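**Q** Have a look at this one before I ask anything.
The values are calculated or read from the model by the stated rules, or taken from the named source; none is laboratory data. None of these values were measured; they are calculated from a predicted model. Note that we place each Cβ from the backbone using ideal geometry, even for glycine, and neighbour counts take in every protein chain shown.
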Amino acid sequence: MSVRRYYPTERVGALSDGVFAIVLTLLVLEFDLPESDAAGDVWVDLTDNWHELVGWLVSFTVLARMWMIHHDTFATIRRTSSRTILVNFLFLGSISLVPFAARLIGTFEFKDPASIIVFSVMLGLTGLTLGMVIAAAESDARIRRPDRGVWSWRMRHHLLVIPAISVLSCVGALLHPALGVSILAIEAVVSTVVLVGFGGEEDVESASAAGASG
């Protein structure tokens, strides 16, 4: 019978923070500078490329929320297994593709539903892999509360809700590309407001107490 090895979480957190920082920086680098230096052309060019701003805004909001969830998850545990580290790499790999997906929106400007579908699938994949990270981390720390069941709200939302929203966004994109993006934007804003407003403080405190006593 093999024994699972456990490691401190500091290096996992540092690596993840670094990847998030790079990805968030790459998002803004996707903006194109105005091609003309004539007076007054700046505002015209920026207005014409508003699609890039939409892709950046949705991507940044989703990634910021996921960083908060990721940080909160690893703040509740003291050690992590090699399995959780591997799943975390899958998550980091998925978020590294977000700038590419956001670039598609700026390139095709809502004219091709396929660009929105790829964008939706990428964000759905990041949510799914983050849910897998949460599941693995909670399993490592044995922080499940019997009165709340096996699945925490974080795990449920990222394993079930976000992939479902991604599918709904793909369907919406087939009807109209703007509808697909709107669905993603609404989910991102609502989830962020809920996270900031209701933060799951009780879960974090209970998890920390359980980790300390484990």
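Here is a yes/no grid of residues against (1) at pLDDT 85 or above; (2) surrounded by 14 or more Cβ atoms within 10 Å (Cβ to Cβ):
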| position | (1), (2) |
| --- | --- |
| GLY18 | yes, no |
| LEU26 | yes, yes |
| VAL42 | no, no |
| VAL58 | yes, yes |
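**Q** Does ALA14 meet the test of being modelled with pLDDT of 90 or more and out of contact with any strand residue (DSSP E or B) (no Cβ under 6 Å at 6 or more places or on another chain)? Can you show your working first?
**A** Values: modelled with pLDDT of 90 or more: yes; out of contact with any strand residue (DSSP E or B) (no Cβ under 6 Å at 6 or more places or on another chain): yes.
Yes; evaluated as a whole, the condition is true for this residue.
**Q** While we're looking at this one, here's another question. Test SER139 against the stated conditions and say whether it is more than 23 Å from VAL28 (Cα to Cα), part of a helix (DSSP H, G or I) and in contact with a Leu (Cβ under 6 Å, 6 or more places away or on another chain).
**A** On the way: more than 23 Å from VAL28 (Cα to Cα): yes; part of a helix (DSSP H, G or I): yes; in contact with a Leu (Cβ under 6 Å, 6 or more places away or on another chain): no.
Considered against the rule, which asks whether it is more than 23 Å from VAL28 (Cα to Cα), part of a helix (DSSP H, G or I) and in contact with a Leu (Cβ under 6 Å, 6 or more places away or on another chain), SER139 comes out as no.
**Q** Those residues that are polar (S, T, N, Q), within 15 Å of GLY18 (Cβ to Cβ) and surrounded by 19 or more Cβ atoms within 10 Å (Cβ to Cβ), I need them from region 64-109; list them, please. First the steps, then the outcome.
**A** Let us first name the residues in region 64-109 that are polar (S, T, N, Q), namely 73, 76, 80-82, 84, 88, 94, 96, 107.
Restricting the remaining residues to those that are within 15 Å of GLY18 (Cβ to Cβ) gives 88, 96.
Matches in region 64-109: ASN88 only.
**Q** Moving to a separate point now. Within region 141-175, count every residue that is at pLDDT below 85, over 13 Å from the mean Cα position of the chain (by Cα) and on the phi < 0 side of the Ramachandran plot.
**A** First, pick out the residues of region 141-175 that are at pLDDT below 85: 141-154.
Still in the running and over 13 Å from the mean Cα position of the chain (by Cα): 141-153.
Cutting the leftovers down to on the phi < 0 side of the Ramachandran plot gives us 141, 143-148, 150-153.
The number of residues fulfilling the criteria is 11.
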